[in-house]
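These notes concern the structure reproduced below.
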Amino acid sequence: MVVAAEKQIGAVVFFGPPAAGKGTQARQMAKRLGIPHISTGDMIRAEVAAGTTLGQEARAIMEKGELIPDEIVNRMVRERLKQPDCRRGFVLDGYPRTRGQAQALENMLQGNDEPMTVFNIQLPAEDAVRRITGRRTCPKCGTIYNLYGHPPRDPGRCDLDQTPLVMRTDDREEVIRGRLECYERDTRPVVDYFRQQGQAIHEIDGSLPAEAISDRLCRILSPA
Ligand code: AMP
């Protein structure tokens, strides 16, 4: 019997300012491809919820809209990528966010000869602010809703498991500006860094409806 080799997907990386739609698209893509969705924001929120030492330190940083130190986040991602479910590939959401993290990721991928696909979802700052204030998340399954663009059927409850939806503490208006500034200062230069390294960057218009964006992403990853 001939067993077809599993298609190697490698690292799929999403860049974009807060609320550009990275989380929604990354989650859907991972599900469709059958590979893990790795969100450093979710990993850190899990530490906060569990009340670990790391979580207690991270909470104050997150609530100011600032970044957790590189060595902590790099260690979390390095450990996660060693898990067997990452063998065919994985979708990174919210990582890398600094030049130091980008270089750490390159080291993690080195030697594996893994392809990397990079999407940069663009969204003007004013649209990001409006979207963030309407964002609600299901704390149980992680589904993301938006009161303006993608509301739940029953207001305040998840469509999938009826869990009451929550607003992230770092989605408050006073924190949002700081997060956007942080994106411009630390993360946008990472996209330029990858481009300078010869990496193709797929630019995506984040103001399009979510379905149009996911169609576009699918066509890029699996051209007909
Ligand atoms: P996110 O869910 O990706 O918007 O992340 C929420 C918050 O978690 C960020 O504002 C940071 O405080 C922290 N965080 C998430 N990912 C990273 C990362 N790669 N590096 C540093 N801090 C991060």
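Laboratory data are not the source of any read-out in this text; all were calculated from the coordinates shown. Because the structure is predicted, anything quoted here is derived from the model rather than measured. Every residue, glycine as well, gets a Cβ built from its backbone with ideal geometry; the counts of neighbours run over all protein chains shown.
For segment 96-140, the orientation-averaged shadow of the C-alpha convex hull comes to 5.4 nm² (one quarter of the hull surface).
Here the chain is treated with +1 on each Lys and Arg Cβ and -1 on each Asp and Glu Cβ, and its dipole about the Cα centre works out to around 400 debye.
If one computes the Cα centroid of segment 42-56 and of segment 126-147, what distance in Å separates the two points? A separation of 20 Å, based on Cα centres. Note on segment 29-130: semi-axes of the ellipsoid equivalent to its C-alpha gyration tensor, largest first and rounded to whole Å, are 23, 19, 14. Percent of Cα pairs in segment 129-224 per distance bin of 5 Å, from zero to the largest separation: 2, 11, 14, 15, 19, 18, 12, 6, 2, 0.
For residue 16, nonlocal amide neighbours, meaning residues 5 or more places apart or on other chains whose placed amide H falls under 5 Å from its own, are 121. Scanning residues 5 or more positions from residue 10 or on other chains, those with amide H under 5 Å from its amide H are 89, 90, with H placed 1.01 Å from N in the peptide plane. A Gaussian network model of the chain, with springs between Cα atoms under 10 Å, assigns the largest mean-square fluctuation among 128, 50, 210 to 50.
Over segment 48-147, what is the mean sequence separation of C-alpha contacts under 8 Å (at least six apart), divided by residue count, expressed as relative contact order in percent? Once normalised by length, the contact order is 13 percent. Working from the Cα coordinates of segment 18-204, the gyration tensor eigenvalues give, after taking √(5λ), semi-axes of 26, 19, 18 Å in decreasing order.
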